[in-house]
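Below you'll find the structure, written out as structure tokens, and then a few comments.
The values are calculated or read from the model by the stated rules, or taken from the named source; none is laboratory data. What you see is a predicted model, and the numbers here were worked out from it, not measured in a lab. Here Cβ is always computed from backbone atoms with ideal geometry, including for glycine, and neighbour counts include all displayed protein chains.
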Amino acid sequence: GHTAQDTIDGLRKLRSEGFSVGIQLMPGLPHETKESFQQTVMKTIELRPEFVRLYPTIVIEGTKLAEMYRSGRYTPLSLENAVDICAEAVSRFEEEGIHVIRIGLMSSPTLLQEGQVLAGPWHPSFGELVRARVYQNKIAQGLPKGLEGRRIQVRVNPKDLSLLRGHKNRGLRYLEGITGASVVSVDTDVSVEPNEIRVSLV
């Protein structure tokens, strides 16, 4: 194994030799909290890597973590919590000009074998879920107040339609959850700027 300081020293050594360096983070590790992972994100930003990968921790058969999970000593993140945590991290990194080049483990024949993934936020489109949540969080800041119980029509830039809807319309359900409104139609409008949304009552 290695310590956090070993990672920092290695990163600085590689950079001194002219290498571009990246950092891989695994939210949901044993004993980690949302707050401690946020601290890890801030420390990573201080180190200024050229890129970051985010791989939420999943429980794979035949590992020490699988033993901890079966004995009740480890509880993995739910899919929803992992999406929220990673979306916040992506926003922070990209605000600082740090590229996030991978979100979630790439699907493989091994991972897709029945019984291989025991628990945790594994999803073949995890990166898509996170990118959609980043977008949804951005537009949520500009939503009008007082929409509870109302029926609304939503218009977005054509480039943002898939981000708004999200995987299997999860994005629309998320929008309804934070506004209390019912989305009755979604339309595209080139006059709407990217990362913006227009809402009208129906």
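Among the residues of segment 121-161, how many are of a type in the set (S, T, Y) and surrounded by fewer than 16 Cβ atoms within 10 Å (Cβ to Cβ)? Final tally of qualifying residues: 1. The selection criterion, being surrounded by 13 or more Cβ atoms within 10 Å (Cβ to Cβ), modelled with pLDDT of 90 or more and not assigned by TED's automatic domain parsing to the domain that holds M68, does not hold for L118. Name the one entry in N157, N169 that is under 19 Å from G127 (Cβ atoms) and either among the polar types (S, T, N, Q) or not assigned by TED's automatic domain parsing to the domain that holds E80 (or both). After applying the criteria, what remains is N169. Do you know which of the residues in segment 166-185 that are in a helix (DSSP H, G or I) and in contact (Cβ under 8 Å) with a residue 24 or more places away in the chain is surrounded by the fewest Cβ atoms within 10 Å (Cβ to Cβ)? The extreme case among them is I178.
Out of segment 49-71, which residues are basic (K, R) and more than 20 Å from the chain's Cα centre (by Cα)?
Step one: filter segment 49-71 for residues basic (K, R), giving 53, 64, 70.
Those that are basic (K, R) and more than 20 Å from the chain's Cα centre (by Cα): K64, R70.
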